[in-house]
1. Grab the helices (runs of 4 or more DSSP H) fully contained in region 1-117, keeping just those with 1 or more residues being over 31 Å from the mean Cα position of the chain (by Cα).
2. Scan region 57-111 residue by residue and report those that are out of contact with any strand residue (DSSP E or B) (no Cβ under 6 Å at 6 or more places or on another chain) and among the acidic types (Asp, Glu).
3. Please work out which residue is nearest to Ser86 (Cα to Cα), limiting yourself to region 130-148 and to residues that are surrounded by 15 or more Cβ atoms within 10 Å (Cβ to Cβ) and of a type in the set (A, V, I, L, M).
4. Just give me the residues in region 55-84 being of a type in the set (Gly, Ala, Ser) and either closer than 30 Å to Val125 by Cβ or surrounded by 10 or more Cβ atoms within 10 Å (Cβ to Cβ) (or both), in sequence order.
Amino acid sequence: MKLNNLKPAAGSVKREKRIGRGQGSGYGGTATRGNKGAQARSGYSHKIGFEGGQMPIQRRLPKFGFKNPTRVEYAVVNVSALQALSEKTGSTTITVDDMVVAGLAGPNDLVKVLGNGELTAKLDVTAHAFSKSAIAKIEAKEGTTTVL
């Protein structure tokens, strides 16, 4: 094999399609733009969602839904998760920072404690919100709930 024998693999090199360069090229005349109309002219651009005059999908489909601008989203932590966290750390006071470190909530989340699961230890819990069942379970074990 020598440098003067090298050529690209068969079919790997294709010629550029030169459009609008006369009839002999095969791409002259309308230059692949079809016949007449706005799309055949230079400078043509259509609006986003334009479907050639057909009623666009964003107008065919009905409006629905509502986004409440004052909605408050909470990261949910169950009493069973607090019990597991207490056993793991050996602590009886659990704050939002402890839950963030344990991966139960994000650093910018508001935390709400829900009453799913069993609680066996006395816990002093600090969070942004509590459900009635969570308060009942924590206080049944002589624990305290502090709302931030």
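Here, each number is a calculation from the coordinates, and none is a lab measurement. Here the structure is a predicted model, which means the values were calculated and not measured. Cβ coordinates were reconstructed from backbone atoms using ideal geometry, including for glycine residues, and neighbour counts include every protein chain displayed.
1. Working: elements: 57-60, 79-89, 96-101.
In region 1-117, 79-89 are the helices (runs of 4 or more DSSP H) which contain 1 or more residues that are over 31 Å from the mean Cα position of the chain (by Cα).
2. Hits for region 57-111 are Glu73, Glu87, Asp97, Asp98.
3. Filtering region 130-148 for residues surrounded by 15 or more Cβ atoms within 10 Å (Cβ to Cβ) gives 130-131, 134-135, 137-138, 143, 145.
Applying the additional criterion that residues be of a type in the set (A, V, I, L, M) yields 134-135, 138.
Working: Ala134: 16, Ile135: 17, Ile138: 13 Å.
If we take residues in region 130-148 being surrounded by 15 or more Cβ atoms within 10 Å (Cβ to Cβ) and of a type in the set (A, V, I, L, M), then Ile138 is nearest to Ser86 (Cα to Cα).
4. Looking only at region 55-84, we keep the residues that are of a type in the set (Gly, Ala, Ser), and these are 65, 75, 80-81, 84.
Hits for region 55-84 are Ala75, Ser80, Ala81, Ala84.
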